[in-house]
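**Student:** Before anything else, here's the structure in question.
We did not get these values from a lab; they are worked out from the coordinates using the rules stated. Please read all numbers here as calculations on a predicted model, not as lab measurements. So basically every Cβ, Gly included, is an ideal-geometry build from the backbone, and we count neighbours across all protein chains shown.
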Amino acid sequence: MILLRLFSRLPFPVLYFISDFLFVIAYYIVGYRKKLVRQNLMNSFPEKSEHEIRGIERDFYRHLCDYSVETLKLLTVSADELRKRMRYTNPEVVFQYRDQGTSVILLSSHQFNWEWLLVSGVLSLGVPIDFVYQPISNAFTDRLIQSCRTRFGGHPVKRNEVARELAKRKKIIRGIAIVADQYPGHAQDKKYETRFLNQDTVFFFGSQQMAELTQYPAVYADVERVSRGYYTCTLVHIGDPPYEKNSTGVVENYARAVERVIQQHPSGWLWSHNRWKKRHLQEA
């Protein structure tokens, strides 16, 4: 961890020089998950030519390598520097709920750089941030990621302890952050099926369940990469209470919001994840 902290103190130009080197290795030499990435892109954008797909693919690997060094930078980056590099265009969306004494569900996706998004939310949104996470099996990696995510005070909530933490912290006005676009791989996960990026796709139903349980408004954090090392986040309403039992509005609006940002900025999403391992509820 000490060596990684020293690495994290390198200036951004040096880190991005290292990222360029990692890109050559990951894309041209190792070909990290390249077959999966290309298949995901081809299935999601059947209207695009092979030349266009390969262009998106290369840009994705560049962003992925930038993401790696940017995430490590969270170990030492200053609050002012992070605010400058991840700018919220409309934080008043959360401010107004806070001022009304209402917590808010903050849904995001694996759009670069989601780690900066989480950590900067603590600094920019004027409320404490609880974030739901799945522990990583490798203890060192899990400890490293949590050190980054809690740098400025984020409160981690294990995925299997969400209901208990909601009850325990219900009097705290806060944002509850969830990255909910990954494949819902656990058998106990309740799932929702919809059409997403030209494919039948299952989503976690947990965001909908949480909205119904808490009756909190739901907001999607739409991240855009402005230039290398600089991002903006625009908050988009996707659900307002009261929610009816067994409704699907929040999870469906979330899927549409994620789809829209991917279509606008296709190289910025995590294509190396096996998102479509199974495509239907009866398979998942």
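**Student:** ³J(HN,Hα) across the stretch 217-230 via Karplus (A = 6.51, B = -1.76, C = 1.60, θ = phi - 60°), whole Hz, x for Gly/Pro?
**Tutor:** Per-residue couplings from phi come out as x, 10, 10, 9, 9, 8, 9, 10, 7, 7, 7, 4, x, 9 Hz.
**Student:** When the helix-only estimate is applied to the chain (DSSP H runs of n ≥ 4, each -39,500 (n - 2.57), divided by the residue count), what is the mean residue ellipticity at 222 nm, nearest 500 deg cm²/dmol? Each step should come with its number before you reach the end.
**Tutor:** On the way: 11 runs with 123 residues, N = 284.
Value at 222 nm, helices only: -13000 deg cm²/dmol.
**Student:** Next question. Residues with amide H under 5 Å of Ser103's amide H, sequence separation 5 or more or different chain, H placed in the peptide plane at 1.01 Å from N; which?
**Tutor:** Arg174
**Student:** Please list, in order along the stretch 142-152, the HN-Hα scalar couplings obtained from phi with the Karplus expression 6.51 cos²θ - 1.76 cosθ + 1.60 (θ = phi - 60°), rounded to whole Hz, x for Gly and Pro.
**Tutor:** The phi angles translate into 4, 5, 5, 5, 5, 4, 5, 6, 9, 3, 10 Hz.
**Student:** Would you mind ranking Val14, Val258 so that the residue whose beta carbon has the fewest other beta carbons within 10 Å leads the list?
**Tutor:** Val14, Val258
**Student:** Let me ask something additional. Name the trypsin sites (Lys or Arg not before Pro) in the stretch 242-274 that are in a loop by DSSP and that have at most 14 other C-beta atoms within 10 Å, would you?
**Tutor:** The qualifying sites are Lys245.
**Student:** Looking only at the stretch 2-268, where both bridge partners belong to it, what percent of the DSSP beta bridges are antiparallel (to the nearest 5)?
**Tutor:** Given both bridge residues lie in the stretch 2-268, the antiparallel proportion sits at roughly 45 percent.
**Student:** If you don't mind, another one. Given DSSP loops and a limit of at most 11 other Cβ atoms within 10 Å, what is the longest stretch of the chain that contains no such GluC sites (Glu not before Pro)?
**Tutor:** For GluC sites (Glu not before Pro) (loop position, at most 11 other Cβ atoms within 10 Å), the longest site-free span of the chain is 48-243.
**Student:** Moving to a separate point now. Greater than 23 Å separation of Cα atoms is the criterion. Which listed pairs, Lys84/Lys171; Lys34/Lys277; Lys190/Lys245; Lys191/Lys245; Lys34/Lys278; Lys190/Lys277, meet it?
**Tutor:** Too far apart for the 23 Å limit: Lys84/Lys171.
**Student:** Okay, moving on. Give me Phe196, Phe12 ranked fewest to most by other Cβ atoms within 10 Å of their Cβ, as a rough exposure proxy.
**Tutor:** Going from least to most buried by this count: Phe12, Phe196.
**Student:** Taking R0 as 41 Å, what's the FRET efficiency between Leu36 and Glu165 from their Cβ-Cβ distance, rounded to 0.05?
**Tutor:** Plugging the Cβ-Cβ distance into 1/(1 + (r/R0)^6) gives 0.75.
**Student:** Let me ask something additional. For the stretch 26-38, in order, what is each residue's ³J(HN,Hα) by Karplus, 6.51 cos²θ - 1.76 cosθ + 1.60 with θ = phi - 60°, in whole Hz (x at glycine and Pro)?
**Tutor:** 5, 8, 8, 9, 7, x, 3, 6, 5, 4, 5, 4, 5
**Student:** Next question, about the same structure. Fewest Cβ neighbours within 10 Å first, please rank His110, His51, His63, His186 accordingly.
**Tutor:** If I rank by nearby Cβ atoms, fewest first, I get His51, His186, His110, His63.
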